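The values are calculated or read from the model by the stated rules, or taken from the named source; none is laboratory data. The structure displayed is predicted, hence computed values, not measured ones. For neighbour counting, all protein chains shown are included, and Cβ atoms are generated from backbone atoms with ideal geometry for every residue, glycine included.
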Amino acid sequence: MLLERRRLLAAIGLSPVYAFGQGSYPSRPVRIVIPFASGGPTDVVARLIAERMSVRLMQPFIVEARPGAGGSIASELVARSSPDGYTLMIGTATTHAVNPSLQGKRISFDPLRSFAPIAQIARVPIVLVVKPDLPARTLPEFIALLRSRNGQMNYGSSGTGSMGHLASVLLLRQIGVDATHVPYKGSAPMTADLVGGRIDFASDALASVLPFVRDGRVRALAIATPDRARGLPDLPTFEQAGLPGYQAYTWNVVFAPADTPATIIGTLNQAFNAVLAEPELARRLEDMGQPPVTGTTPQGTATFVASELAKWEPVVRASGATAD
């Protein structure tokens, strides 16, 4: 049995020293809770990664969807779970940077103190898209048009308080203009109205708008991440297009409950980083419009989450969005 186990470890790229050096963790299945419905982008990412984690740590990593309350049901569940490493969560900008301001006293967890960050795993770019006949083909032309029509243009989002809504609010604040928000119940109906020319522009996740950009039904002007996306390599970043300092994206971070032992956090961090560095998995995430983030540390991830919370709090207030 020992020889067979060593052969399996070698086959999946782990040395016996690495595997047996982690003590007894994990010795049983690990649950990864996601805050949104099955079949969505977060669920797909979680399942791809869970499959590879199961191989690497030789225990099942089981994805469990707990949607509701904008992700707060899952957040509260994990925050109350035993800090033993067997209940994890994939949190997002919504759950840990937006909901604390959006939902206020309705939530019982603290986005920083109730969780132990493990690693960043993916970054979901936000893309600025405009209706096909809008007379602006570049970001500078779009900004000039916004200023000339200050308060007269409108923009859509997948819902009030969504990351797309807040990304547009952040953009308008940075430019110093106003526009009318038109909320929808999801990206699909919003994109349909953008294609039909009934709204002027929108900020939405790359994965949602990518097919429409590729076939020319909407026009993409810039991507709000530090780097260009593999899915749209010719699309410039906001910095490259002439608006430095503007970044807006959602993200996936793995959290454990607060007070989870540092040894377990370290084991998981190492394993998640190793899995995300696998070329095949990285390619699949890139093709989905959710590029992986590799090489992060628990401390660096904690700093990142705190900075995102500080960034989006004033934007939520400026947007006027509430959970009501």
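Here is how the numbers come out for the structure above:
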{"read-out": "Within segment 227-284, considering residues that are among the hydrophobic types (A, V, I, L, M, F, W, C) and in a loop (DSSP other than H, G, I, E, B), the one farthest from Ala302 (Cα to Cα)", "value": "Leu235"}
{"read-out": "Single condition Gly242 does not satisfy, out of (1) within 30 Å of Asn269 (Cα to Cα); (2) touching a Pro at 6+ places or on another chain (Cβ under 6 Å)", "value": "(1)"}
{"read-out": "Residue identified as out of contact with any helix residue (DSSP H, G or I) (no Cβ under 8 Å at 6 or more places or on another chain), assigned by TED's automatic domain parsing to the domain that holds Thr263, at pLDDT 90 or above and closer than 22 Å to Gly164 by Cα among Ala93, Ala97, Ala46", "value": "Ala46"}
{"read-out": "Only listed residue being of a type in the set (A, V, I, L, M, F, W, C), in a helix (DSSP H, G or I) and in contact with an Asp or Glu (Cβ under 7 Å, 6 or more places away or on another chain), chosen from Ala97, Ala144", "value": "Ala97"}
{"read-out": "Residues located in segment 193-213, provided they are out of contact with any Phe, Trp or Tyr (no Cβ under 9 Å at 6 or more places or on another chain) and either of a type outside the set (A, V, I, L, M, F, W, C) or surrounded by fewer than 16 Cβ atoms within 10 Å (Cβ to Cβ) (or both)", "value": "Gly196, Gly197, Arg198, Asp204, Ser208, Pro211"}
{"read-out": "Top-ranked residue of segment 53-94 - restricted to ones that are polar (S, T, N, Q) and assigned to a helix (DSSP H, G or I), ranked as nearest to Pro125 (Cα to Cα)", "value": "Thr94"}
{"read-out": "Residue in segment 91-115 that is nearest to Leu77 (Cα to Cα), counting only those that are free of Cβ contacts under 8 Å to residues at least 40 places away in the same chain and surrounded by fewer than 21 Cβ atoms within 10 Å (Cβ to Cβ)", "value": "Ser108"}
{"read-out": "First in segment 32-55 and under 17 Å from Leu281 (Cβ atoms), second anywhere and of a type in the set (Gly, Ala, Ser), Cβ under 8 Å, 6 or more apart", "value": "Ile32/Ala46; Ile32/Ala50; Pro41/Ala205; Pro41/Ala207; Asp43/Ala37; Asp43/Ala65; Val45/Ala122; Met53/Ala271"}
{"read-out": "Which listed residue is more than 30 Å from Phe115 (Cβ to Cβ) and small (Gly, Ala, Ser), from Ala222, Ala248", "value": "Ala222"}
